[in-house]
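Scroll down for the structure; my scribbles are underneath it.
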4 protein chains.
Amino acid sequence: MRVAIAGATGYTGLELMRILSAHPHITISALTSETYAGREFAHVYPGYLKRELPRLEPLVPEKIAAKADIVFTALPHKEAMRVVPALLKHGSRVIDLSADFRFKSQKTYERWYQEHSAPSLLGRAVYGLPELYRAAIKKAKLVANPGCYPTSIVLPLAPLLRKNMITLSSIIADSKSGVSGAGRSAKTASLFCEVSETFKAYGVFEHRHQPEIEEQLSALSGSQVKIAFSPHLLPMSRGMLSTIYARLKTNARPQDIQDVLDNFFKKEPFVRIHPQGSLPHTAGVRGTNFCDIGFRLQDKQLVLISCIDNLVKGASGQAVQNMNIMLGMPETTALDMAPLYP
Amino acid sequence: MRVAIAGATGYTGLELMRILSAHPHITISALTSETYAGREFAHVYPGYLKRELPRLEPLVPEKIAAKADIVFTALPHKEAMRVVPALLKHGSRVIDLSADFRFKSQKTYERWYQEHSAPSLLGRAVYGLPELYRAAIKKAKLVANPGCYPTSIVLPLAPLLRKNMITLSSIIADSKSGVSGAGRSAKTASLFCEVSETFKAYGVFEHRHQPEIEEQLSALSGSQVKIAFSPHLLPMSRGMLSTIYARLKTNARPQDIQDVLDNFFKKEPFVRIHPQGSLPHTAGVRGTNFCDIGFRLQDKQLVLISCIDNLVKGASGQAVQNMNIMLGMPETTALDMAPLYP
Amino acid sequence: MRVAIAGATGYTGLELMRILSAHPHITISALTSETYAGREFAHVYPGYLKRELPRLEPLVPEKIAAKADIVFTALPHKEAMRVVPALLKHGSRVIDLSADFRFKSQKTYERWYQEHSAPSLLGRAVYGLPELYRAAIKKAKLVANPGCYPTSIVLPLAPLLRKNMITLSSIIADSKSGVSGAGRSAKTASLFCEVSETFKAYGVFEHRHQPEIEEQLSALSGSQVKIAFSPHLLPMSRGMLSTIYARLKTNARPQDIQDVLDNFFKKEPFVRIHPQGSLPHTAGVRGTNFCDIGFRLQDKQLVLISCIDNLVKGASGQAVQNMNIMLGMPETTALDMAPLYP
Amino acid sequence: MRVAIAGATGYTGLELMRILSAHPHITISALTSETYAGREFAHVYPGYLKRELPRLEPLVPEKIAAKADIVFTALPHKEAMRVVPALLKHGSRVIDLSADFRFKSQKTYERWYQEHSAPSLLGRAVYGLPELYRAAIKKAKLVANPGCYPTSIVLPLAPLLRKNMITLSSIIADSKSGVSGAGRSAKTASLFCEVSETFKAYGVFEHRHQPEIEEQLSALSGSQVKIAFSPHLLPMSRGMLSTIYARLKTNARPQDIQDVLDNFFKKEPFVRIHPQGSLPHTAGVRGTNFCDIGFRLQDKQLVLISCIDNLVKGASGQAVQNMNIMLGMPETTALDMAPLYP
């Protein structure tokens, strides 16, 4: 299978490259970059010296579609919806890492982002969270790869919402992300001196991932869910931890919660439930596609803690997982790495 | 005034030294360390070369009390309650940075720590949070310097609890601390490789600062308060941020909250309320004695965000603030530094 | 005395603010910023909330000169030489933190930077390294504050060059700097993700500080000195360490070297020579104006190790030291802080 | 093939586990740890949940040898020489990651380390630097895996020493290492607060890797080589960069140096020579087995810059490379990963 990465030099593009470099059943057939068109990938990232890779080229949808069966669009939102229709039209299947096709509701998208230029695709796009939508992903032409925060929040809540165990109005998600989530663009706020040795909240109640999370939680619970969502920025590159507070509807023992989580995910290759007494840390998933989940319970107050690598399960790894599903390959192909630790 | 630091080579002892070095009205008359007794302080911390300081000596309470009007005990809990009675008996006033004298309730202390060997002092010790107990601190012989988490959580909640604005059962404190809070002892969990580029929760619902917070919040509100408290460890040395969730009893506008906070702290030199739309980061208080507070409100869901330097307002800076009050000096003496940033 | 900071929101401007905030004998009378003109300083840096400071304004030399006896120009090179002549003409004394007035040789400046628009000032400017040029600084109208690398390399070599102990062709300076030296401008290379957990050399044999170092070493030795200079970028914000290799002309004992260093700097408040067996680390000078120096000797091969905080002794602290000298105040005023550690 | 890791829970043991987890042709048949004997590996490192691994057991050489064709001994020096003879005697081939078998000269070993308890093996052990000793490694029963500093210094110098291009007395190696090189033992000096945001030299002229480097450089050049070696500690976990200064015997053009390096390493899968004008950074090799090399030349002064991941090419990756050679497998098996960046 021939695979292209559109937007290959951003951090999610680079991470796709890292993962796909180890994939035995695909060929990287095209790499696009507007900034570096004409250069070798190793010119931008010397860590890729000695690897044979196609030269970087500008993104011309027809040309890329002609070269690739699957295209990963690792582009900013708005940019993605401009090129995805043409890629589909010319026959590629697309896994889009932007926010442009994640919403079922055009209205919600337009309230939080901007006018949508390809709204007819919203209904056809499949939300690429394999643990919830595997069957649809398999057949999809267009997969909307989930946001990092939504992945880390929706996965641990899913089993409990499906079982109707949670008071919906009680959900609070206090999330913390490494700074690679802000991408590679040169912003003062992402400078080493502005991020190192400091910590802050940002976008409390205003982050664009909030409606995405709420749309998914609502689908899971069958009711309209509103949450309180507070993202924070960690002084580290990779890794995301969400501390999720929710009240149980009725009393339960810790073992009940453990069972619900274990059962829901028991066949999932990339979700690991920690045993009671153990809580995950982000280093345990660094560079991997795992979502690690632990919990604590005090009376009816449940605290769920989930860890992902925001660039892997939160972006490029999940995208490759989706590709494996779409191509009928074993889902863990190229994704079975152990964490880089320390 | 002659001042001694018992436990001078731990991080809170060192931080007392940093701050007191700039204090114009005191003399550092004794420094104790069991490990380094007999050595120069600059042997342990070469950053203090060229400063004239007393040599490190073992902690013999009578000897230290004879040399010092005020003794800071920067010792592990249990160790503190062993020496504080003797220091007091020999005439020193004591500011204790351990947990040993922070509780009014001996029972609570003993449930979370261990048997108390000097319970009669619990009633006489004053909880050293100047914004709440300034008058009592002024006259105290023994000040129990607050824990870092309690300082960061009690201060922002105090105005709202005093006004009875909060549903008491709704309080959740999601706190994040730099690793210097774990002290300078050689533990695997505090190694650079175990802390850098990772993030985790620890001690959820089990942290020893929880009863201390609850005792203070209960005193403020006049009722028994139970909170959900989740501490986390940040990959950085200094700084603490608490994200505190609480539900208002009745609807309020953001400006109402702003007014309550502004009014409560308007004469306080070390508490700064951010204007609406602005949230604090820990770098803004690095190396300073400030507690910076911001908030967001969505319907009745309030989010308070507070930042302190855990070693300053969370420990040694607050201790010096208490000393200034006890000695009748201007409260900001030696504490008026600007943040070290970047 | 009234003091202005031109370029107050860059990192050296901010650091001037931090230091001058504690200065008892000056008033900050003007702050300039083109980007933030009209805003409060605390709007850009909330760590300065609750301090009374002049509002940020655009840099109009006549207006600034009218408000300030001393102006610190914390501007990019080229920008500095554009405004300094006017500031001087309108009566301010100037301490310039750029490279524009550091060279005696216009030719050298123009080879490494660009055409000089105020070459007549090169002869009048005094190189602001107090340990070498204190008397001239006292009377100077224009002080050219040294570069950070030159400060860290010239100071440890000075005593040995003055004594003619070193084979001049043997000098190698392997220097390592924190990333704050790159300033606050939004560059991809300074992003957290590009700097954290990595290390690199840059500008080997091509760095613009090389001719500045060579001009100073030549002046000290009385001969033309050429060095090999390799700067490196550290994954940290502040701190600079230079490892300097030089061959002695004749055999010497370690104690001989110790004596030469001790004697040369014995009255200097900001240079500390480590005792034999001890080598400095940058944390020992963090936030301070010290230059700490240690050494090792193996046969004739000498290794000198010097540490400074690149933003303090390497920039703004040295600038304030120069100001104190120019104003006849005690040289350590506002500069006697202990290191922030950890 | 059955493979055992003795000392599986230290950082080099853990890194062996990470790499071997992806190896298609071996089975991990035993893991030893004295501290955690009886526990699951995932109990110590939850990042290994969901992997089937043998339980940790104490190191009994006969038992381990019975279970494994190859044993990696990732033990402290002194400990290694105690168990390696027994492992060999019971039929395992051994790749030892300690210093115990790296020296041909017992005298040198004993001067820098301690008495050797198995000196007869020194002559039989092969120094495991494949780029120099591949043929001997293939047949070896005991491979002494090189130190991290030696790997980073010997590789770039080898081509030039073989060609006799360097003035031997001129070699200076200024090396910088991430802190994982200090291992996982709980030492104050390795605490996050002691390492983060600081930089220092240590062991200048006294580091135990110096005689190892000198023995290898002497073998390459055919003369006794003495170098000046200054190791430094970086505020990061992984990565090592050596800046190596050497004087050419005769004038040369940069292209000449480039050709010598390119030719020497052209068939080597794990050494990458940067093109002129480009210098490596450690992030380009993070998590990989590459040694990246760049250089600058000014007159006869050559500066070589090499980067490795100290835990991979500097330890466990090189050990697996040696294993692949010993077992006749493709040398890059399980080692062809792309760098984790950012």
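Each value in this text was obtained by applying a stated rule to the coordinates, not by laboratory testing. Computed from a prediction, not measured in an experiment: that's the story for all the values here. Here the Cβ positions follow ideal geometry from the backbone for every residue, glycine too, while neighbour counts run over all protein chains shown.
A few notes on this one:
- As a calculated quantity, the FRET efficiency between B:V44 and C:R134 at R0 = 35 Å, using C-beta atoms, amounts to about 0.60.
- Put a dot 7 Å past the Cα of C:Q255, heading toward its Cβ, do the same for C:E79, and the two dots end up 5.3 nm apart.
- Cα gyration tensor shape for segment B:111-222, rounded if a/c is under 1.5, else prolate or oblate: oblate
- Normalised by 2.2 N^0.38 Å, where N is the number of residues, the C-alpha radius of gyration of chain C stands at 0.97.
- As a proxy for reagent exposure, ranking A:S316, C:S221 by other Cβ atoms within 10 Å from fewest up yields C:S221, A:S316.
- Estimated FRET transfer efficiency (A:S21, A:Y202; beta-carbon r; R0 35 Å; 0.05): 0.60
- Taken along the Cα-to-beta-carbon direction at a fixed 7 Å, the label points for C:R162 and C:K226 span 2.8 nm.
- Amide H contacts of A:S29 (H built 1.01 Å from N, under 5 Å, at least 5 apart or other chain): A:V3, A:A4
- Taking the number of Cβ atoms within 10 Å of each Cβ as an exposure proxy, the fewest-first ranking of D:R18, C:R2 is C:R2, D:R18.
- Most mobile listed residue (B:I293, B:I172, B:I26) in chain B, GNM with C-alpha springs under 10 Å: B:I26
- Evaluating 6.51 cos²θ - 1.76 cosθ + 1.60 at θ = phi - 60° for every residue in segment C:282-288, the Karplus couplings come out as 5, 4, x, 10, 4, x, 10 Hz, glycine and proline recorded as x.
- Nearest 10 degrees, 0 to 90: helix D:254-265 Cα axis against chain D principal axis: 30 degrees
- Cross-link check: pairs B:K187/D:K200; A:K50/C:K200; D:K139/D:K176; D:K104/D:K187; D:K104/D:K141 evaluated at a Cα-Cα cut-off of 24 Å; pairs beyond the cut-off: D:K139/D:K176; D:K104/D:K187.
- The calculated 222 nm mean residue ellipticity attributable to helices in the protein assembly as shown amounts to -8500 deg cm²/dmol, summing -39500 (n - 2.57) over DSSP H runs of n ≥ 4 and dividing by all residues.
- With Rh defined as the Kirkwood radius, the inverse of the mean 1/r over Cα pairs, the Rg/Rh of segment A:148-310 is 0.97.
- Histogrammed with a bin width of 10 Å, the alpha carbon distances of the protein assembly as shown distribute as 2, 9, 16, 21, 22, 18, 10, 3, 0 percent, first bin at zero.
- Neighbours of A:A201 by Cβ distance under 14 Å: Lys/Arg scored +1, Asp/Glu scored -1, total 0.
- Computed from the C-beta positions of C:R2 and C:K141, the FRET efficiency with R₀ = 25 Å rounds to 0.95.
- Inter-copy label distances at B:K267 (7 Å, Cα→Cβ; nm, one decimal): 5.1, 6.9, 8.6
- Neighbour counts of other Cβ atoms within 10 Å put D:S152, D:S170, B:S230 in the fewest-to-most order D:S170, B:S230, D:S152.
- Proximity of backbone amide H atoms, modeled 1.01 Å from N, is registered between B:A99 and B:H77 at under 5 Å, excluding neighbours fewer than 5 places apart on the same chain.
- In loop segments of segment B:172-224 as defined by DSSP, the GluC sites (Glu not before Pro) with at most 12 further C-beta atoms inside 10 Å of their C-beta are B:E206.
- For segment C:281-342, the relative contact order is 40 percent, taking Cα pairs closer than 8 Å that sit 6 or more residues apart in sequence and dividing their mean separation by the residue count.
- Those residues of segment A:150-187 whose amide nitrogen sits under 20 Å from the label point placed on A:N263, 7 Å along Cα→Cβ: A:155-167
- Using alpha-carbon coordinates, inclination of helix A:11-20 to the longest axis of chain A, degrees: 80 degrees
- Helix B:79-89 axis, angle to chain B major axis (alpha carbon atoms, nearest 10°): 70 degrees
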